[in-house]
Amino acid sequence: MSGINVNKWIDDSKLNSFHIIVVLICFAIIMCDGYDLFVYGSTVPLLLKAFHMSPAYAGVIGSCALFGAAVGALLFGSLADKIGRKYTIVCCASLFCIAMGVTGFTSSPGIFGLFRFIAGVGIGGSMPNVVALASEYVPVRNRAWAVAAVMSGMVLGGVVAAGISIWLLPPFGWRAVYFVGAVPLLIIPAAVKWLPESPLRLIAKNRLSELRTCLLKLRPLESTCSGNGAASVPFSCGCCTS
């Protein structure tokens, strides 16, 4: 039997298309998070008229998404340990996209606030898991850059929310910008196909074949797996050769 030190294997890899794809998908999900969080501010003037709300009540509804994000971070942070980081991200991204789309159909401030809360749960659940997954597969020397790049999606999402609001609000009203929030569901198939599972979960669940496939994508020119250490994953000699 031989083994591979997973952490060292990742840290010794060089940035390639696998890293870039993972970071870009994570960036896109965080950008959608930013859109969903910031778009409410652009629609408040129209919502005040549509729902006949007071500014104070509009402020309460505005906090629903933030409160939901706190709940989602706590809930899905622990759930990720049970079902895996990849599918937690997929579930959370699907949740906030669907909730955003349904928000566009609401006709009362209470139901509107409820779906803003549900969207917030998805946003809060996806954010820490996306950042964690992106950093797990990037070499330590590039990790700060990768995390900064992924988190910059939040700001860009806010910019996109403002731009789309300027474009859609006058001709189509406030509902249109929430319908747009459901469009990122198109990212979900890409996340399912190209996002890897956390290496720690693959180790814990003994999914060694899947782990080996991911590790060889990090260093595609490698044909053998060697090394040892606390984070070692044993492979038979047959599995370690191409």
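Just a few scattered comments:
- Top-ranked residue in the stretch 63-117 [being under 15 Å from the mean Cα position of the chain (by Cα) and polar (S, T, N, Q); ranked as surrounded by the most Cβ atoms within 10 Å (Cβ to Cβ)]: T88
- Residue in the stretch 25-39 that is touching a residue at least 60 places away in the same chain (Cβ under 8 Å), under 21 Å from V121 (Cβ atoms), assigned to a helix (DSSP H, G or I) and more than 16 Å from the chain's Cα centre (by Cα) present: yes
- With a requirement of 1 or more residues that are at pLDDT 90 or above, of a type in the set (A, V, I, L, M) and farther than 22 Å from C26 by Cα, the helices (runs of 4 or more DSSP H) lying completely within the stretch 170-242 that satisfy it span 174-180.
- Contact annotation: residue pairs with Cβ atoms under 8 Å, 6 or more positions apart or on different chains, pairing a residue in the stretch 62-91 that is under 22 Å from G181 (Cβ atoms) and in contact (Cβ under 8 Å) with a residue 40 or more places away in the chain with a partner that is among the polar types (S, T, N, Q) and assigned to a helix (DSSP H, G or I), are G72/S126; F76/T88; F76/S126; F76/N129; T88/S126; T88/N129; I89/S126; I89/N129.
- Members of the stretch 88-126 that are under 19 Å from A191 (Cα atoms), out of contact with any helix residue (DSSP H, G or I) (no Cβ under 6 Å at 6 or more places or on another chain) and of a type in the set (A, V, I, L, M): I98
- With respect to being part of a helix (DSSP H, G or I) and touching a Cys at 6+ places or on another chain (Cβ under 9 Å), G62 falls outside the description.
The values are calculated or read from the model by the stated rules, or taken from the named source; none is laboratory data. As the structure is a computational prediction, the values presented were derived from the model and not from experiment. Here Cβ is always computed from backbone atoms with ideal geometry, including for glycine, and neighbour counts include all displayed protein chains.
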